[in-house]
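Chemist: Submitted below is the structure of interest, expressed as structure tokens.
The values are calculated or read from the model by the stated rules, or taken from the named source; none is laboratory data. None of the values given here were measured: they were computed from a predicted structure. Using ideal geometry, Cβ is built from the backbone for each residue, glycine included, and neighbour counts are taken over all protein chains shown. Heads up: the accessible areas ignore ligands, DNA and RNA and are worked out on the full protein's heavy atoms, side chains in. Shrake-Rupley method; radii C 1.70, N 1.55, O 1.52, S 1.80 Å.
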Amino acid sequence: MLIALSEELLTAILSVCEVSDLLICKRVCRRMEHVVRTDTFLQYKIELAINGMADGRRGPDSPGGLPLPERLELLRKHNARFRNGTFLDSGYQYSWQRWPQVANMPTEGWDTHLAFGGSISYVVVKPPQNEMSICAPPFMGGLSGETSSDSMQHWRIPLSIFPSDPIGSVSVDISQELLLICQPVSTNWDIMVHFRRLNQPENPHDAARQPVLCVSPTQRVISPPPDQPRTTISHIQIHGRLVAWVLCVPGTTYYAIEVWDWQAGHVVWRYHTTHYKETFTLLDASHVVLASPLSNNLLVYAFNPDKEFATADSTSVQQEYVLNLVMPSCQDPGSEIQESSIPVPAAANAPFWSDPALRMVLVTLGDNSALFIPYTTIQSLLSPAHATPEPIHEMRMVSWDLWGPRGSLRIPASANRRTWSYRQCYSYGSRVAVFLFDDERESGNIIMYDLNPWAARYARHMPPEIGELAHHKTGLGCLELEEDADGILPHVVFHGSYIRLGLDQAPPILATDHMGFTAVYARQLANRACRFLGSTSYYT
């Protein structure tokens, strides 16, 4: 019997158990409960599961990392601060006022970018100042003991190191120290894509076989109107050696989604479409998921990351999807997939990080409704072992009833004056922050959803003040969960008022990260201009 074993051997056995089994073992007898409750590693494992986190790159006993008791203490401190809404913030140090005009701070030509790498970074390109500003939340939040915006990660990069043509788009992956710069060529349809070191931007990245790629349309392009810009690259997402983007020629029908091996310098997958609003996200290292505003389906495509794409055939042979997921019908047309990051620790000594296995795909259904799909749902449907009550026919189409109600979280459109800005929110790991905007009061609340399987249980410990969200009661039925008698919404792990908009200020983009969320102010959102450009991060 297990209880007859020595405590050392019993602990060793329990250390390889799943968290659900640990919680069951706690109820077996007092001795098992004592072992689970007092062993540091077992408690750390449970806390990681509760917070949707994974241990850092280094194992529990690896030299150079934080000792296990310290990591457990930091994780519990993060959990307590997060659920109590005790956030530090970066203030307006990385947000710059556009109007009224600030002396000696011209903002003409400024542009804001969200950079989706192993974590989300924030870029403001400032041509009048001949620089770009890149910032990201501290990888340990405020747990390092710092209490001001000095703990933010920040880079100032001179634009002069990228001569000739103006910069079109920028992306960053801090975990690889990668800076990606796109420069459209003014004399033809090409775009020059630079791969530089983030901390030494004047130098090419060591991992790139070709430090500059020449990217161009693969099909003949009819000349656009003269007032249209040249070829553009947008919606950039970086995962390891892969980078995915949209290559578009404005004013024409050319629109392609491409996946490149930036280290080898060749394309591994390409998809041509004539609809410029087709959206995508990089699902993992071998799959892309697409959504079209013209259909009610999610299409999953597979590619071989180790094989160069057959460019010669790309103009005549279109890729076939491996999975077609039918989405629920909605009154407002126009489903879109939000770009996302596949979590990777931004620093080698990060004690813990958002678990990439718990990440989600966020699909907007119209303006004020959304569908949150755990990665594990799509992964299980791609598995050859997957079985459904009804056979999937040759087109590999799965109806909503077979996958949606039990494998996703659907939030319906609000029935009152408030706006849920799903088109301006981006998930990270198992969490996504949504801005509940009140147009009359010009203020709003932050609602944080967590699709971590353990989050629903702990969400019920939230205070009952969020009972005002009762009109969303029926919208959480997709996981067969309903609002309880105390007005507590399952999967809501944080609710608070952190952002008050000023006069004529559009609601910000909200990007979630492993320690909190960031409000990003772009040039114009929700048909309203922004007084600020930049970002303000809130972290535990």
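Chemist: Restricting to segment 322-372, and then to whatever is among the charged types (D, E, K, R), outside any strand (DSSP E or B) and more than 30 Å from Glu70 (Cβ to Cβ), can you tell me which residue is farthest from the chain's Cα centre (by Cα)?
Modeler: Checked segment 322-372; the qualifying residue farthest from the chain's Cα centre (by Cα) is Asp332.
Chemist: Scanning segment 1-40 for residues that are within 34 Å of the chain's Cα centre (by Cα), of a type in the set (A, V, I, L, M) and outside any loop (DSSP other than H, G, I, E, B), which turns out surrounded by the most Cβ atoms within 10 Å (Cβ to Cβ)? Spell out the reasoning first.
Modeler: Residues of segment 1-40 that are within 34 Å of the chain's Cα centre (by Cα), as a first pass: 14-24, 36-37, 39-40.
Subset that is of a type in the set (A, V, I, L, M): 14, 16, 19, 22-24, 36.
With the extra rule that they be outside any loop (DSSP other than H, G, I, E, B), the set shrinks to 14, 19, 22-24, 36.
Details: Leu14: 20, Val19: 16, Leu22: 20, Leu23: 15, Ile24: 13, Val36: 23.
Residue satisfying both the conditions and the ranking: Val36.
Chemist: Across segment 73-132, which residue is farthest from Leu510 (Cα to Cα) among those that are in contact with a Leu (Cβ under 8 Å, 6 or more places away or on another chain) and in a loop (DSSP other than H, G, I, E, B)?
Modeler: Filtering segment 73-132 for residues that are in contact with a Leu (Cβ under 8 Å, 6 or more places away or on another chain) and in a loop (DSSP other than H, G, I, E, B), the one farthest from Leu510 (Cα to Cα) comes out as Asn130.
Chemist: Does any residue in segment 245-256 that is touching a residue at least 24 places away in the same chain (Cβ under 8 Å) and surrounded by 20 or more Cβ atoms within 10 Å (Cβ to Cβ) come within less than 8 Å, Cβ to Cβ, of a residue that is outside any strand (DSSP E or B) and basic (Lys, Arg) six or more places away or on a different chain, and which pairs are these?
Modeler: Between residues of segment 245-256 that are touching a residue at least 24 places away in the same chain (Cβ under 8 Å) and surrounded by 20 or more Cβ atoms within 10 Å (Cβ to Cβ) and residues that are outside any strand (DSSP E or B) and basic (Lys, Arg), the close pairs are Val249/Arg230.
Chemist: Checking Asp190 against (1) closer than 30 Å to Leu88 by Cβ; (2) open to solvent by less than 50 Å² (accessible area, probe 1.4 Å); (3) not basic (Lys, Arg), which single condition isn't satisfied?
Modeler: Result: Asp190 passes all but (1).
Chemist: Pairs needed: first member in segment 280-292, over 20 Å from Thr364 (Cβ atoms) and modelled with pLDDT of 95 or more; second member anywhere, of a type outside the set (A, V, I, L, M, F, W, C) and open to solvent by 20 Å² or more (accessible area, probe 1.4 Å); C-beta distance under 6 Å; at least 6 residues apart or different chains.
Modeler: Ala285/Pro305; Ser286/Pro305
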